[in-house]
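Note sheet for the following structure.
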Amino acid sequence: MDRISQALRPAGRPAGFQAWRSLLFLHWQVSMEALRPLLPPALSIDTYEGRAYVGVVPFTMRNVSPWWSPAVPGISHFHELNVRTYVHHEGRDPGVWFFSLDAAKLLAVLIARSGWHLPYFYADMELRTADRRVYYKSRRRWPTERPAEFEARYTIGEPLGASVPGSFEHFLAERYLLYADGGDGKLYTGQVHHHPYPLHRAEVHELRETMVLATGLPAPEGTPHALYSPGVDVDVYGLKALG
């Protein structure tokens, strides 16, 4: 499967710009039997060496803006956390399926829900850093069908550089396509463009989360695979109907 071409800059003008900072990539293996009923039938589960994964990715957004406006202080900076898995369509175009995206800015949640067909939620969120130690906390406020909380303390480890195509790290981190359910019987796809993530090892000291359970998946077990990135600057392109 081609996992390289999606990283190329798409033609046309981006719909907007974002800076993703202080990303923690946490992943657990998940059974395909539990995952399959939660995905649209048109999408297939993307696996690494035959194994499927669910990810929890807390980070912070900076300088969020549409193409026609600069970032606005008080609106353009907020924390975010997503729960995701990996899919492809008809054996090609590997991308991300978001089960949920929590954000600490209500306006961003409302815009993303209405204009981007993405399952955003409003949450109280906190990020603190001290040298290489990081604390991140999130508690979902709206809508709250199930408790969805996250709290972690971790240390940023040694740098790994950009991931190598074909590696597990590349499979998890280098994702440039997303799929979304339009609620109108159609699936949509969107693309982002950025330089490859500069990755670091990460050591998680404390972790408490119910984010995965809130999606309908079983609660993950065991120690997650953990990576950290200081971040990338991102061009965001508009959604297109699939097919």
- request: State whether one or more residues within the range 143-153 are more than 15 Å from residue 24 (Cα to Cα), assigned to a loop (DSSP other than H, G, I, E, B), in contact with a strand residue (DSSP E or B) (Cβ under 6 Å, 6 or more places away or on another chain) and touching a residue at least 24 places away in the same chain (Cβ under 8 Å).
  value: yes
query: Within the bounds of the range 213-222, is there any residue that is over 14 Å from the mean Cα position of the chain (by Cα), surrounded by 20 or more Cβ atoms within 10 Å (Cβ to Cβ) and not in a loop (DSSP other than H, G, I, E, B)?
result: yes
task: Being among the hydrophobic types (A, V, I, L, M, F, W, C) and in contact with a helix residue (DSSP H, G or I) (Cβ under 7 Å, 6 or more places away or on another chain) narrows it down to one of 96, 54, so name that one.
output: 54
- prompt: Which members of the range 170-182 meet the condition of being outside any strand (DSSP E or B) and either in contact with a Phe, Trp or Tyr (Cβ under 9 Å, 6 or more places away or on another chain) or more than 12 Å from residue 199 (Cα to Cα) (or both)?
  reply: 171, 172, 173, 174, 175, 176, 182
task: Being over 18 Å from the mean Cα position of the chain (by Cα) and not in a helix (DSSP H, G or I) is the filter here, so list the residues in the range 8-39 that pass it.
output: 8, 9, 10, 11, 12, 13, 14, 15, 31
query: With respect to residue 115, is the statement that it is out of contact with any helix residue (DSSP H, G or I) (no Cβ under 9 Å at 6 or more places or on another chain) and on the phi < 0 side of the Ramachandran plot true?
result: yes
statement: Given the conditions (1) of a type outside the set (Val, Ile, Thr); (2) within 18 Å of residue 104 (Cα to Cα); (3) more than 19 Å from the chain's Cα centre (by Cα), every one holds for residue 49 apart from (2)
query: How many residues does the range 130-162 hold that are within 17 Å of the chain's Cα centre (by Cα) and hydroxyl-bearing (Ser, Thr, Tyr)?
result: 2
- line: If you go through 76, 69, 5, the only one that is farther than 25 Å from residue 221 by Cα, open to solvent by less than 40 Å² (accessible area, probe 1.4 Å), out of contact with any strand residue (DSSP E or B) (no Cβ under 7 Å at 6 or more places or on another chain) and modelled with pLDDT under 95 is 69
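One line per residue, one yes/no per condition, for (1) closer than 19 Å to residue 214 by Cβ; (2) of a type in the set (D, E, K, R):
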site: 50; (1), (2): no, no
site: 55; (1), (2): yes, no
site: 115; (1), (2): no, no
site: 122; (1), (2): yes, no
site: 145; (1), (2): yes, yes
- request: Identify the residue in the range 133-175 that is open to solvent by 60 Å² or more (accessible area, probe 1.4 Å) and of a type in the set (D, E, K, R) and, among all such residues, is farthest from residue 92 (Cα to Cα).
  value: 133
- request: Determine whether the range 98-113 contains at least one residue that is acidic (Asp, Glu), exposed (fewer than 14 other Cβ atoms within 10 Å of the Cβ) and within 26 Å of residue 218 (Cα to Cα).
  value: no
Residue 237 vs. criteria among the aromatic types (Phe, Trp, Tyr), crowded, with 17+ Cβ neighbours inside 10 Å, under 25 Å from residue 29 (Cβ atoms) and in contact (Cβ under 8 Å) with a residue 24 or more places away in the chain: no
statement: Among (1) under 16 Å from residue 190 (Cβ atoms); (2) within 16 Å of the chain's Cα centre (by Cα), residue 81 falls short only on (1)
- request: From the list 104, 34, pick out the single residue that is without any contact (Cβ under 8 Å) to a residue 60 or more places away in the chain and among the small types (Gly, Ala, Ser).
  value: 104
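The values are calculated or read from the model by the stated rules, or taken from the named source; none is laboratory data. Source: prediction; values computed, not measured. Methodologically, a virtual Cβ is constructed for each residue, glycine included, from the backbone with ideal geometry; neighbour enumeration extends over all protein chains shown. The accessibility values were calculated without ligands, DNA or RNA, using every heavy atom of the protein model including side chains. Shrake-Rupley method; radii C 1.70, N 1.55, O 1.52, S 1.80 Å.
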